[in-house]
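Below is one structure, written out as structure tokens; the observations come after it.
The values are calculated or read from the model by the stated rules, or taken from the named source; none is laboratory data. Keep in mind it's a predicted model, so treat the numbers as computed, not measured. Cβ placement follows ideal geometry from the backbone for every residue including glycine, while neighbour counts extend to all protein chains displayed.
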Amino acid sequence: MSEPTIGVFEVEERTFPPAPEFVANANAGDRSLYDEADADYEAFWSRQARDLLSWHKDFDQVLEWQLPFAKWFIGGELNVSYNCLDRHVEAGRGDKVAFHWEGEPGEKIALTYAELLTEVKKFANVLKGLGLQKGDRVAVYMPMILELPIAMLACARIGVAHSVIFGGFSADAIIDRCDDATARLVITADAGYRRGAAAPLKSTVDEALGRGAASVEHVIVVDRCGTDPEMTTGRDLWWHDLMADASDDCPAEPMDAEQLLYLLYTSGTTAKPKGIMHTTGGYLTQVAFTHKYVFDIKPDTDVYWCAADIGWVTGHSYIVYGPLTNGVTSVMYEGTPDTPGKDRLWDIVERYGVTQLYTAPTAIRMFMRWGAQEPAKHDLTSLRVLGSVGEPINPEAWMWYHEHIGGSSRPIVDTWWQTETGGHMITPLPGVITTKPGSACGTIPGVFAELVDDAGNPVAVGGGYLTITRPWPGMLRGIWGDPDRYRDTYWSRFEGRYFAGDGAKLDEDGYLWLLGRVDDVMNVSGHRISTTEVESALVDHRAVAEAAVVGANDEITGQAIVGYVILRGEYEPSAALGDEIREHVGVKLGKIARPKTVIIVPDLPKTRSGKIMRRLLSDVANGRSLGDTTTLADPGVVAEIAERAQAGEED
Ligand code: PRX
């Protein structure tokens, strides 16, 4: 593990207090929630659970904490899909739009809460008809179409856990995830639209099932793009055929508060992704609470838009579960932000009157590059709160977001959290906290964090490792099938503390500045990618003998993947071979994990104990301007590595 890098950010003097007009109408306009939670955090969370959710049976104990295993709201029973749908319909809000969905080619669907409920009930019956039962696992590999939240909510309705696999992942990723969870079913689509073309999904599922994922009995296919995929008789079923015959009578089954809601696989420091487990009552409480207060949601008037993909945790918590629990109208967009033009997002904001926009710093930096004239073409005055997630936001991007999207007056909430935390952990509440560009500010009410030094001693001011000191309702309940790994990964580095893997800095005013991962995990465009995973994909190529992967700073994507490879004796370095190796990783893991640069080297610098000197490789990568295809053996790099290694630099 490397030391947290301190001082990446200049000292930031600018501060932005909440505007009085905002405070006057804010869901939280003073510190009372913080005070309440500080006084008794279990009582605080139990009040949120009862205020924000509908329970079939009230819980009789708030928390059982046997470090590191937590149970929240013990004895309570509820159903997630009931909370997201039925109760809004029963309260007479069935005609309210749940999703304004827009396909990349431009189709528009306004799906109401009542319509969404009907679809969910029908699909839950489809799942039952295929023999799926409470406790089973189902893999979901879909584009951003309405059938995706329908499938997730139908699973939740009957206690089946979904495992959503990001649509950009490869056949290998599908195999690994289906095998690990012994998924009985895959739900997919023929394809989804990306940059004007139909990007196939079903064929990738076919490839996966041809090579592995033996537990999968059926594949349900949505006909999104009319690409006429191959259908295997007996195994593959069309969504529309199944739904045509499905009954819409399917009462929500009460679930135990600790019923498994979903698995979501995420990269760690080893080659094997971890199946993060989220359960029902605590998770839903935290996502509903944070969604309501961090975005200052007014369900009667707001049109909320989280522009993430549901394949990541951001989409789970803040496209599906949080917004629907709170009964708000959301926008859901299928495609890319530059199709057909670079103002697509701003056009959507204007047309729907979007009030909250939630996106990633990578996207903001891309918008900066595209220029302020793009958002300036549209009226963005409907926006009230701007959110950022996934990676540290540099002050320059923060200021651009503030000025060009937020009209220099809207609050920005920089939300730090992880797949593992389920919901927001560190972020300002917009009506309470004075923000500083680039700082995620502090913990939300009911969450407690501390920075510690290498020895685990709390740090008052300066740099350290970010730890969480008390359990929180949305916390992961474990790693699927591997309780020891759960303990080792998160709870063993610092005794009694959850270690998130991030370094951070505390300034004199007590503000937190996230500095990025301190382990072997890279953050590329807000997506977590493990160096080890990319290394094993590189050495999987027939020409590669050895590989080392490091993250290099990148102006747009935050970090970019740089792979150093040594070729097997019989291969000659060439640009074409380098490209082939890069592509190989793209095929093995998915495009997002394809290295930006592969540098072919004759040797890798190692310490005397045989450890690759990663810090040195990372310094070398960071000191160069890296092109998208720099794949040739570069004598300059080689010489530099050798020189530095000789000078005795060690990790
Ligand atoms: O390094 C932190 C970074 O993203 C990691 C979590 O990644 P993932 O589980 O994929 O979830 C991403 C979306 C919640 C964290 O360990 N990260 C996330 N949000 C921020 C962040 N780093 C700095 N600032 C953030 N706001």
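For the reader, a short list of remarks on this structure follows.
- Test: Val432 is in contact with an Asp or Glu (Cβ under 7 Å, 6 or more places away or on another chain), surrounded by fewer than 23 Cβ atoms within 10 Å (Cβ to Cβ) and among the hydrophobic types (A, V, I, L, M, F, W, C): yes
- Each residue in the stretch 79-95 was checked for being assigned to a loop (DSSP other than H, G, I, E, B) and surrounded by 18 or more Cβ atoms within 10 Å (Cβ to Cβ), and 2 of them qualify.
- Total residues in the stretch 471-496, condition in contact with a Ser or Thr (Cβ under 8 Å, 6 or more places away or on another chain), among the hydrophobic types (A, V, I, L, M, F, W, C) and farther than 16 Å from Asp180 by Cα: 4
- Look at the stretch 596-616: where a residue is hydroxyl-bearing (Ser, Thr, Tyr) and buried (at least 20 other Cβ atoms within 10 Å of the Cβ) and a partner is at pLDDT 80 or above and not in a loop (DSSP other than H, G, I, E, B), sitting 6+ places away or on another chain with Cβ atoms under 6 Å, you get Thr597/Val562.
- Leu111 meets each of the listed conditions (1) within 19 Å of Val320 (Cα to Cα); (2) among the hydrophobic types (A, V, I, L, M, F, W, C); (3) crowded, with 24+ Cβ neighbours inside 10 Å apart from (3).
Residue-wise test of (1) closer than 22 Å to Gly464 by Cα; (2) within 10 Å of the ligand (Cβ to nearest atom).
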{"position": "Leu515", "(1), (2)": "yes, yes"}
{"position": "Glu533", "(1), (2)": "no, no"}
{"position": "Asp540", "(1), (2)": "no, no"}
{"position": "Val550", "(1), (2)": "yes, no"}
{"position": "Gly558", "(1), (2)": "yes, yes"}
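- Hits in the stretch 414-430 - residues which are in a strand (DSSP E or B), near the ligand (Cβ under 6 Å from one of its atoms) and either of a type in the set (A, V, I, L, M, F, W, C) or more than 18 Å from Thr362 (Cα to Cα) (or both): Trp416
- Unique residue being at pLDDT 90 or above and surrounded by 17 or more Cβ atoms within 10 Å (Cβ to Cβ) when the list is Arg528, Arg487, Arg497: Arg497
- Residue ID - nearest to the ligand (Cβ to nearest atom), chosen from residues in the stretch 387-407 that are part of a loop (DSSP other than H, G, I, E, B) and closer than 19 Å to Asp343 by Cβ: Gly406
- Test: residue in the stretch 228-251 that is touching a Pro at 6+ places or on another chain (Cβ under 9 Å) and either assigned to a loop (DSSP other than H, G, I, E, B) or not hydroxyl-bearing (Ser, Thr, Tyr) (or both): yes
- Val447 farther than 19 Å from Asn25 by Cα, away from the ligand (no atom under 13 Å from the Cβ) and aliphatic (A, V, I, L, M): yes
- Only residues that are within 15 Å of the ligand (Cβ to nearest atom) and without any contact (Cβ under 8 Å) to a residue 60 or more places away in the chain were counted in the stretch 503-513, giving 1.
- Which numbered condition Ala545 fails, given (1) near the ligand (Cβ under 9 Å from one of its atoms); (2) modelled with pLDDT under 90; (3) aliphatic (A, V, I, L, M): (1)
- Some residue of the stretch 470-487 being under 22 Å from Val620 (Cα atoms), within 22 Å of the chain's Cα centre (by Cα) and of a type outside the set (A, V, I, L, M, F, W, C): no
- Pair list, Cβ < 6 Å and 6+ apart or interchain, from the stretch 384-396 residues that are of a type in the set (A, V, I, L, M, F, W, C) to residues that are part of a strand (DSSP E or B) and more than 9 Å from the ligand (Cβ to nearest atom): Val385/Gln356; Leu386/Leu357; Leu386/Ile412
- Conditions (1) under 30 Å from Tyr490 (Cα atoms); (2) surrounded by fewer than 24 Cβ atoms within 10 Å (Cβ to Cβ): number failed by Val413: (2)
- For the stretch 452-463, the tally of residues that are in contact with a Pro (Cβ under 7 Å, 6 or more places away or on another chain) and either at pLDDT 95 or above or within 28 Å of Phe289 (Cα to Cα) (or both) stands at 1.
- Residue match in the stretch 318-336 (condition: β-branched (Val, Ile, Thr), touching a residue at least 24 places away in the same chain (Cβ under 8 Å), closer than 16 Å to Ile145 by Cβ and within 16 Å of the ligand (Cβ to nearest atom)): yes
- Being under 22 Å from the mean Cα position of the chain (by Cα) and more than 10 Å from the ligand (Cβ to nearest atom) holds for only one residue in Arg369, Arg410, Arg384, Arg365, and it is Arg365.
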